[in-house]
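S.K.: The structure's right below; bear with me while I get my questions together.
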Amino acid sequence: MITDSLLLHAIPDGLREEWATHFAKPLDPPSSDRIALVVFRLGAEKFSLSADRVEEIITPGVIRPLPHSGKGLLRGVTNVNGRIRTCVSLERLLNATPGPASGTPRLMVLQDQRWRVAAIVDEILGVQEFHQSDLKPLPATHTGAVYSTGWFGEGDHFVAKLNEDELFDAMRRQLT
Amino acid sequence: MTPGSSSSGDLSGFSMTELFRIDADNQLTTLSEGLLALGSGVDASSVLEELMRAAHSIKGAARIVNVDAAVGIAHVMEDVFVSAQKNPGARFPQSRIDLMLKGTDLLRSVIFDTEPKPTAAEIAEFVRKCGLPADAEESSAPAPTPKPEPAKQELAAQEPQAAEASRSETQTRSVRIGSDNLDRLVSLAGENRITLNRANRFNKEAEEIATVQRSLLISLRGFAETFAGSPQAAEHLEDIRRKIAAAEDLAEQLRLGLDEYSFQISQLGNRLYTEALSCRMRPFADCVLSLKRLVRDLSRSLGKPCRLEVRGENTEVDRDILERLESTLTHLIRNALDHGIEPSHIRDAVGKDPQATITISAAHVSGRLVIRLSDDGRGIDPEYIRKEIVARGLISRVAASTLTFAEVMEFLFLPGFSMSNKVTEISGRGVGLDAVRSTAKALRGTIRVHSTLGAGTTFELSTPISQALARCLLVDIAGTPCALPLARIEGVANIPEEETHYTEGRQHCDWNGQRIGLINAAQVLEFEENQPLTSPLSVVIMSEAGKQFGVVVANFLGEEELLLQPLDSELGKIRDLAATSLMADGSPVLVLDDEDFLLSIRTLAGEGRLRVSKTDKHEDSDVAKHVLVVDDSLTVRELERKLLTERGYEVTTAVDGMDGLSTLREGKFDMVITDVDMPRMDGIELVEKIRANPHFRDLPVMIVSYKDRQEDRERGLEAGADYYLAKSSFHSDELARMVEQFIGPAYQS
């Protein structure tokens, strides 16, 4: 019987010491360089945001405009899981170039401490991991009121990395 | 997850300090309650045990988290309780209770780090006092004693039973839940209910399937009767019939099953929602403890013995208003003790119980929360107020004499109106009942006062039971659903447009014998009206201070009780908007702020900027825009005429420049379209002559010509034409489009 031979098998000398040494070895430090980003498309441009700032991504519903809101950053309010959340026009804030109408639009709910704010994006391209060290600088013309700190990717896949804190600050300022 | 964020709601997210504070809070509440109970003569032994254990717990916990000051205070308090337990015969004097209550205050300040922070000297003094024997304390304090002892003891005997009973009632277990969690729970329950209630539509679809199956069978039978075919055909037909019958049975089963299931789940959804909402409710007892303490402290410092009776401690109160309720009642109690209640010797002299009573009651009455606070003091003298009002110049003596009792009482709620002549520490600064009234208003409620001279005064606060729910009228304003709270709505009406009249450009109509002004709701909210209104006009009549306004909306959508959600705080206060909510289909609805709304209306009316509400019948000018077409070719003239009249424009033609000029002078035209090559006067000269005439300097002129060279264009534009359209690149659309660009559509809307 297998069990007989397996369970009655004598332990060779030094086996215990061998395994103890193995487990005593210090672990490799976890790669602190890697960040998970949600990559999405607004118009013709691709952006990315730290995944821990995105609470959820759902199918967009009705967005109701508010009185006296005009055509600013505030798009209106929408229902997210029974709570009514503010919906902003991220493409207006980022001045994104208009693009093709393909892809499935989604509602992205962003979080900053206790604040939640939603924005419609043209397409979600997934959650991807990048190394911080792979962040490349943007061209010299990219100065002034900008929210991207660098870019990732190669070839056709150009993804700008947004500065989440500045983004939220700007939204707060422009909404009041 | 950061400590203390407790997004999961369990205690593991809290730091040790936070846990200690939660625990200490409970123990301090036990201490306060126990001490107050002791003060009203309850059997001391059981209470002392509780008190001792509470102090002991705090001491132990404070040691673990190294809050040394708390350890010291709790320790001496524990000693006091232990030594009192060792002398079961001795009374626990009032002054000792005062001292222990001060101890709980010190502990609270130290543990919760609140201002003013107790100094080491203060704490040392407290410890010293605790060390003194009880008798020494008693003789040094100037405690006023009420005169007729027997009466007091009788009352004291009745007190403990009531106290015991109420304490056991309110001892249901309670748990802590973060307010974020609770909000999420309520939202999800609301969303769930909406979604489950929509399951009904599947019932209808199942029913439709069954109906289709039945009609299939009927058709098949008809077919079988008329069709005489082979035996195999008959067999096939029978087979088909059987299968359809089986499908019909299945469909019917599905329908029945769905019916029952959707009923159950929508029941569950509704009940879950109601339960979640009721989590927002707290027993009234939650705000009573501090009031008991207040009455005790105040009555001792003022030397006016007074006790507090509370009824309806278990009445449910929306947790959102507990704080404001407590502060309102605090205010009223201070007033009562300061002004309302007479010193005990005066009370005795008029035959009243020297110990005064303040009664607070909370109850649900006809769907409202009614809180009453009464004292058995001297009452309010309406004549005194009447004189005061006149003295302060608020109203003439003649008018004052016609005021009813209720109207006189209203003056008490004016800002700065205070009944006392001197500013006492307690009250009398005149920061008074107006604060109470504005709190009542903020809670969407009312406050009233009744009084009998010599017998006492009662204040009655009435609010909706739930602050979160509001009955609203749903309306469509320019395509956006909005909700108007019912409170200020007098009525709704469908008013045919023909029955509206205008005075100085302002629209009004008749309603119930009143003439009311009409306001377009979309204008107030600055919503673009994408659809024209239809007759009859849907009008909501709102009133404020006796004035009525007719608010014109696109449509009525019904009446609903909505669960209000406050606006995102980051947006600040948005004018005209009070809150948001969700409709039965899950989409957001805007809940309007009726005060703001009425203010906006008055502002617009005052500035004379009110837009009228009209349906899409052509109004001011049933006259279309008039275009003059000048061309020597008949074909071109008629083609251009056709293109423009199709768009509704009125067209007159002329055969050359001269004809065009004279026609222009005789008629009234909005635009001229002219060719270049014409006999007698060509287009260029025509344009020049038109521009030379000051009357036509701004008249839009367009040249339409076969000549398309650069120099031709330049010539035309230099002459004064506004546009040069080449006939070769001339698409039928473009002519009309350019005309519309210059003078707008045929009929000005």
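S.K.: Mind checking the mean number of beta-carbon atoms from other chains within 10 Å of the Cβ atoms in B:180-190?
M.R.: 2
S.K.: Given an 8 Å cut-off on Cα distances and at least 6 residues of separation, report the relative contact order of the stretch A:34-175 as a percent.
M.R.: 29 percent
S.K.: Using only Cα atoms, find the angle between the long axis of helix B:732-743 and the longest principal axis of chain B, and express it within 0 to 90 degrees, rounded to the nearest 10.
M.R.: 60 degrees
S.K.: Additional query: Students sometimes get this wrong: rank B:THR315, B:THR119 by accessible area, probe 1.4 Å, all chains present, largest first.
M.R.: From most exposed to least exposed: B:THR119, B:THR315.
S.K.: Also, I was wondering about something else. For the stretch B:179-279, what is the charge dipole size about the Cα centre, in debye to the nearest 20, if Lys and Arg each add +1 at the Cβ and Asp and Glu each add -1 at the Cβ?
M.R.: Value, rounded to 20: 140 debye.
S.K.: To the nearest 10 Å², what's B:PHE263's accessible area with a 1.4 Å probe?
M.R.: 130 Å²
S.K.: For chain A, what % of the accessible area comes from carbon and sulfur atoms, probe 1.4 Å?
M.R.: Summing carbon and sulfur atoms, their accessible area is 54 percent of the total for chain A.
S.K.: For a quick check: with amide H placed at 1.01 Å from N, whose amide H comes under 5 Å from B:LEU725's, ignoring anything fewer than 5 positions away on the same chain?
M.R.: Sorted by chain and number, the residues that satisfy this are B:ILE703, B:VAL704, B:SER705.
S.K.: Got a sec to turn the phi values of the stretch B:16-27 into Karplus ³J(HN,Hα) couplings, 6.51 cos²θ - 1.76 cosθ + 1.60 with θ = phi - 60°, whole Hz, x for Gly and Pro?
M.R.: 4, 4, 5, 4, 4, 5, 4, 5, 4, 4, 4, 5
S.K.: In vacuo Debye scattering of the protein assembly as shown, one point per C-alpha: log10 I(q)/I(0) at q = 0.05 Å⁻¹?
M.R.: Per q value, in the given order, log10 I(q)/I(0) is -0.56.
S.K.: Arrange the residues B:SER290, B:SER361 by how much accessible surface each exposes, largest first, with a 1.4 angstrom probe.
M.R.: B:SER290, B:SER361
S.K.: Within the stretch B:666-714, list the trypsin sites (Lys or Arg not before Pro) lying in a DSSP loop whose Cβ has at most 14 other Cβ atoms in a 10 Å radius.
M.R.: B:LYS668, B:ARG680, B:ARG697, B:ARG709
S.K.: Right, something else. With every protein chain in place, what's the accessible area of B:SER327 (1.4 Å probe, Å², nearest 10)?
M.R.: 70 Å²
S.K.: Select from B:ALA624, B:GLY445, B:ALA224 the residue farthest towards the positive end of the dipole of chain B; place +1 on Cβ of Lys and Arg, -1 on Cβ of Asp and Glu, and compute about the Cα centre.
M.R.: Towards the positive end, the residue furthest out is B:GLY445.
S.K.: Taking square-rooted eigenvalues a ≥ b ≥ c of the alpha carbon gyration tensor, is the stretch B:481-606 rounded, prolate or oblate, where a/c under 1.5 means rounded and, failing that, a/b exceeding b/c means prolate?
M.R.: Judged from the Cα gyration tensor, the stretch B:481-606 comes out prolate (a/c at least 1.5, a/b above b/c).
S.K.: With a 1.4 Å probe and every protein chain left in place, tell me how much accessible area B:HIS508 has, in Å² to the nearest 10.
M.R.: Accessible area of B:HIS508: about 30 Å².
S.K.: Can you list the lysines whose alpha carbon is less than 25 Å from that of B:LYS243, not counting same-chain residues fewer than 8 positions off?
M.R.: Answer for B:LYS243, where 25 Å is the Cα cut-off: B:LYS204, listed by chain and number.
S.K.: Taking square-rooted eigenvalues a ≥ b ≥ c of the alpha carbon gyration tensor, is the stretch B:446-521 rounded, prolate or oblate, where a/c under 1.5 means rounded and, failing that, a/b exceeding b/c means prolate?
M.R.: oblate
S.K.: Just to confirm a number: summing +1 for Lys and Arg and -1 for Asp and Glu over residues other than B:ARG21 whose beta-carbon lies under 14 angstrom from that of B:ARG21, what do you get?
M.R.: -2
S.K.: With everything on Cα atoms, drop me the angle between helix A:164-175 and the longest principal axis of chain A, reported from 0 to 90° to the nearest 10.
M.R.: Taking the Cα atoms of chain A, the angle to A:164-175 is about 30 degrees.
S.K.: At the nearest 100 Å², what buried accessible area, both sides summed, do you get for A and B when the probe is 1.4 Å?
M.R.: Summing both sides, the interface buries roughly 2200 Å².
S.K.: If you don't mind, there's one more thing I want to ask. Of all DSSP beta bridges located in the protein assembly as shown, what percent are antiparallel, nearest 5?
M.R.: Antiparallel bridges: around 75 percent, rounded to the nearest 5.
S.K.: Loop sites only, by DSSP: take the trypsin sites (Lys or Arg not before Pro) in chain A that have at most 13 other C-beta atoms within 10 Å and name the longest stretch containing none of them.
M.R.: Within chain A, the longest run free of exposed trypsin sites (Lys or Arg not before Pro) spans A:1-70.
S.K.: Over the stretch B:481-606, calculate the relative contact order: mean separation of alpha carbon pairs under 8 Å at least 6 apart, over the residue count, as a percent.
M.R.: The value is 26 percent.
S.K.: Can you tell me how the stretch B:620-743 classifies by the Cα gyration tensor, rounded, prolate or oblate, using a/c under 1.5 as the rounded cut?
M.R.: The shape class here is rounded.
S.K.: Explain nothing, just compute: Karplus ³J(HN,Hα) = 6.51 cos²θ - 1.76 cosθ + 1.60, θ = phi - 60°, for every residue of the stretch B:529-537 in order, whole Hz, x for Gly and Pro.
M.R.: 8, 8, 10, x, 6, 10, 8, x, 6
S.K.: Relative contact order for chain B: what is it in percent, counting Cα pairs under 8 Å that are at least 6 residues apart?
M.R.: 6 percent
S.K.: Find out how many positive minus negative residues lie around B:GLY558, taking Lys and Arg as positive, Asp and Glu as negative, among other residues whose Cβ is under 13 Å from that of B:GLY558.
M.R.: -4
S.K.: Which listed residue (B:ILE240, B:ILE519, B:MET678) has the Cα farthest towards the positive end of the charge dipole for the protein assembly as shown, taking +1 on Lys and Arg C-beta and -1 on Asp and Glu C-beta about the Cα centre?
M.R.: B:ILE519
S.K.: Quick check: at a probe of 1.4 Å, how many percent of the accessible area of chain B sits on carbon and sulfur atoms?
M.R.: Accessible surface attributable to carbon and sulfur in chain B totals 52 percent.
S.K.: Give the average, rounded to an integer, of partner chain Cβ atoms located within 10 angstrom of each Cβ in B:580-590.
M.R.: Per residue, the average neighbour count from other chains is 5.
S.K.: In debye, nearest 20: dipole of the stretch A:7-62 around its Cα centre with unit charges on the Cβ of K, R (+) and D, E (-)?
M.R.: It comes to approximately 240 debye.
S.K.: At 1.4 Å probe size, with every protein chain present, just tell me what the per residue accessible area of the stretch A:34-175 comes to in Å².
M.R.: Per-residue value: 48 Å².
S.K.: How big is chain B on each of its three principal axes, counting only the C-alpha atoms and giving the largest first in Å?
M.R.: Projected onto its principal axes, the Cα set of chain B covers 129, 98, 57 Å.
S.K.: Additional query: Along the stretch B:116-126, what does the Karplus equation 6.51 cos²θ - 1.76 cosθ + 1.60 (θ = phi - 60°) give for ³J(HN,Hα), rounded to whole Hz, x for Gly and Pro?
M.R.: x, 6, x, 7, 4, 5, 4, 5, 4, 5, 4
S.K.: About the Cα centre of the protein assembly as shown, how large is the charge dipole given +1 on each Lys and Arg Cβ and -1 on each Asp and Glu Cβ? Please answer in debye to the nearest 20.
M.R.: About 2900 debye.
S.K.: Rank-order B:380-392, B:235-247 by packing density, defined as the average count of other C-beta atoms within 10 Å over each peptide's residues, highest first.
M.R.: Result, highest mean first: B:380-392, B:235-247.
S.K.: Restricting to DSSP H runs of at least four residues, report the calculated mean residue ellipticity at 222 nm for chain B, -39500 (n - 2.57) per run over all residues, nearest 500 deg cm²/dmol.
M.R.: Here the helix-only value at 222 nm equals -16000 deg cm²/dmol.
S.K.: What number comes out for the charge environment of B:SER361, summing +1 per Lys or Arg and -1 per Asp or Glu over other residues with Cβ under 12 Å away?
M.R.: -1
S.K.: Is there a simple number for the mean count of other chain Cβ atoms within 10 Å of the Cβ of residues in A:72-82, and what is it?
M.R.: 5
S.K.: Pairs B:LYS102/B:LYS292; B:LYS304/B:LYS387; B:LYS117/B:LYS304: which exceed 19 Å Cα-Cα?
M.R.: Beyond 19 Å: B:LYS304/B:LYS387; B:LYS117/B:LYS304.
S.K.: So with the 1.4 Å probe, I'd like the accessible area per residue for chain B, rounded to whole Å².
M.R.: 53 Å²
The values are calculated or read from the model by the stated rules, or taken from the named source; none is laboratory data. None of these values were measured; they are calculated from a predicted model. Note that we place each Cβ from the backbone using ideal geometry, even for glycine, and neighbour counts take in every protein chain shown. Only protein heavy atoms, including side chains, enter the accessible area calculation; ligands, DNA and RNA are left aside. Shrake-Rupley method; radii C 1.70, N 1.55, O 1.52, S 1.80 Å.
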